[in-house]
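Structure first, commentary second.
The values are calculated or read from the model by the stated rules, or taken from the named source; none is laboratory data. Here the structure is a predicted model, which is why all the values come from computation and not from measurement. Using ideal geometry, Cβ is built from the backbone for each residue, glycine included, and neighbour counts are taken over all protein chains shown.
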């Protein structure tokens, strides 16, 4: 056959195919679409009532469509349409039911091809109903790509105005030992890290992503402390924190100061139950500070026993406990809070002193006390009769005012109160060094007597005297500590470098005459009158400049201490004592001043050094009384270290502290910084009641 004939046959075949209506793939048009060419000769498909994306293509062929319009359809395509429509220029999806899910993430890659974007909204799921499609898909993409590995992240709340989007991040029971470092960005986060093995929470302080976490569950981990969060700006929009079932022993009030200063304090909730709280009064006082600022503390939280912690405010909870069953009681009864006669009686007391009479009346009635012992320092004794009258009138209980001198927190005289037949003892004006579970045989109630003062003048004084570059440590006595902590937070919020150092078991910022923390700042600022407590901080920190603000006369002064002279005097006393052949060991009996544990430690060292000694019990130590025993060459007093430091020169024979006798017996070296750690948990040696050898601490850790 000739070439001409072959061409004729081929062309005839093509024409025949056309007449028979057989279409090529380029002319394919789905049944649900209207297909045509626009004025630019570009292919346009208008499709309605689409059920499946597969209806748009034929045998997976790539369709030469430039403009695709889909209406009245349910859009939930698992495939990227651009794979099937490589020439696509515009895509219109208005007036459709659009399920915004991961399946539509490909829409974000259309680079402007999606038409009328502002009017295309999600109809499902309910979370995104009414949200613009691209905004919803961008959120889904961001949450999916930044979700911590192995965790489940879900968009929990997406307002139509795109504000305050909330994401739920669930990392429950995944064996995590660290807090994840990556979180979804630009959203509010509710996070669950419960039932893991997390010990360190410092990531909350150093990772800016966690400032968006408003709800955080850390229950049932291995967290022993959150002190790494102190002085940090963590979780600024905080609403709920769960630390249940961890290894916390002390209430982290300092670390949680951001919570206490929350804009909506009633919106803050903390869950702290099932932790091995230390059964001491400091823990009770920390719960008191918390409930004084926060209403919503877990009603199942368990704390140490035999003390009531509350404020005279009907809207605040009250914490109570008994050694048989630890529990929390809801609040002081209304009949006490609303008693007009009681309120009139309270007005007889100074309004700026918080004697917490409502709590006192409630506690006496609760325990059914018939005889109540009142103990307070001399500065408060002027109010003792008024308080006694109130108790006897409103509680029908007999009161006993304990008139012996009360120098400090160490003078709690529970044993005398028991001997007097008291059912309840109320100690005023000091923090409680004697744990409430150690006063066996009598119920205890501690009233700190918070004192109000002109805090604005105090703040203005600090700002006038110090710039924002000065590192400041603020300390005080228990009466002012609660106010001091709040004022320090205020200074920090304004850019000042301020802190309230802590020496456990004391509260942050609290100091005693014999116990102060080591401080690494430029200055110490003491809030209070007198110098006794301030001198404790000055002795412990000889390199810090010290200042005192007296809240009563509003005077601000720089204070000085003769460190060299004090050390010279004490070294001389120690040197003399090393030559002594007979020692007198004085165990203080003024309240709980004396420590039998420390006495026994010194006795053992005396025997080891072949020193002769005699033990003497004494409530108060006077030079004239010791002079009656001239056969003693040197004295060691286990009562108040400051007695030797401040008045040692008044005695004819050396009067050493437990630390100093250890130096004299060459058990320890003389320390250039004289230790002020007598009641500190982290004390430096066995001359203190709360000292624990490092090996003992290690064993405790191993057991846990």
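Counting only residues that are free of Cβ contacts under 8 Å to residues at least 24 places away in the same chain and either surrounded by 18 or more Cβ atoms within 10 Å (Cβ to Cβ) or assigned to a loop (DSSP other than H, G, I, E, B) (or both), segment 585-639 holds 4 of them.
Scanning segment 388-413 for residues that are under 16 Å from residue 444 (Cβ atoms), part of a helix (DSSP H, G or I) and touching a helix residue (DSSP H, G or I) at 6+ places or on another chain (Cβ under 9 Å) yields 391, 409. Could you tell me whether segment 533-546 includes any residue that is in contact with a helix residue (DSSP H, G or I) (Cβ under 7 Å, 6 or more places away or on another chain), closer than 17 Å to residue 462 by Cα, surrounded by fewer than 24 Cβ atoms within 10 Å (Cβ to Cβ) and free of Cβ contacts under 8 Å to residues at least 24 places away in the same chain? Among the residues of segment 533-546, at least one is in contact with a helix residue (DSSP H, G or I) (Cβ under 7 Å, 6 or more places away or on another chain), closer than 17 Å to residue 462 by Cα, surrounded by fewer than 24 Cβ atoms within 10 Å (Cβ to Cβ) and free of Cβ contacts under 8 Å to residues at least 24 places away in the same chain, which makes the answer yes.
Of the residues screened, residue 403 is not one that is at positive phi and surrounded by fewer than 18 Cβ atoms within 10 Å (Cβ to Cβ).
For every residue, the table says whether it meets (1) surrounded by fewer than 19 Cβ atoms within 10 Å (Cβ to Cβ); (2) assigned to a loop (DSSP other than H, G, I, E, B); (3) in contact (Cβ under 8 Å) with a residue 60 or more places away in the chain; (4) not assigned by TED's automatic domain parsing to the domain that holds residue 269.
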{"site": "145", "(1), (2), (3), (4)": "yes, no, no, no"}
{"site": "150", "(1), (2), (3), (4)": "yes, yes, no, no"}
{"site": "169", "(1), (2), (3), (4)": "no, no, no, no"}
{"site": "172", "(1), (2), (3), (4)": "yes, yes, no, no"}
{"site": "178", "(1), (2), (3), (4)": "yes, yes, no, no"}
{"site": "181", "(1), (2), (3), (4)": "yes, yes, no, no"}
{"site": "186", "(1), (2), (3), (4)": "yes, yes, no, no"}
{"site": "191", "(1), (2), (3), (4)": "no, no, no, no"}
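Residues in segment 432-490 that are farther than 23 Å from residue 529 by Cα and surrounded by fewer than 17 Cβ atoms within 10 Å (Cβ to Cβ): 438, 440, 441, 467, 468, 469, 470.
In segment 25-51, the residues that are assigned by TED's automatic domain parsing to the domain that holds residue 84 and closer than 14 Å to residue 92 by Cα reach residues that are assigned to a loop (DSSP other than H, G, I, E, B) and modelled with pLDDT of 85 or more with C-beta atoms within less than 9 angstrom, at least six apart or across chains, in these pairs: 44/38; 44/65; 44/66; 45/65. For residue 284, are the conditions met, namely being in contact with a strand residue (DSSP E or B) (Cβ under 9 Å, 6 or more places away or on another chain), crowded, with 20+ Cβ neighbours inside 10 Å, within 28 Å of residue 448 (Cα to Cα) and modelled with pLDDT under 55? No; evaluated as a whole, the condition is false for this residue. Kindly provide the set of residues from segment 419-428 that are more than 37 Å from the chain's Cα centre (by Cα) and not in a loop (DSSP other than H, G, I, E, B), ordered by number. Within segment 419-428, 419 is the sole residue that qualifies.
Only a single criterion out of (1) out of contact with any helix residue (DSSP H, G or I) (no Cβ under 7 Å at 6 or more places or on another chain); (2) farther than 24 Å from residue 594 by Cβ; (3) part of a loop (DSSP other than H, G, I, E, B); (4) in contact (Cβ under 8 Å) with a residue 24 or more places away in the chain is not satisfied by residue 530, namely (4).
Looking across segment 488-497, the residues that are under 26 Å from residue 513 (Cα atoms) and at pLDDT 90 or above come down to 488, 497.
Only one of the numbered conditions (1) modelled with pLDDT of 90 or more; (2) farther than 19 Å from residue 448 by Cα is not met by residue 334, and that is (1).
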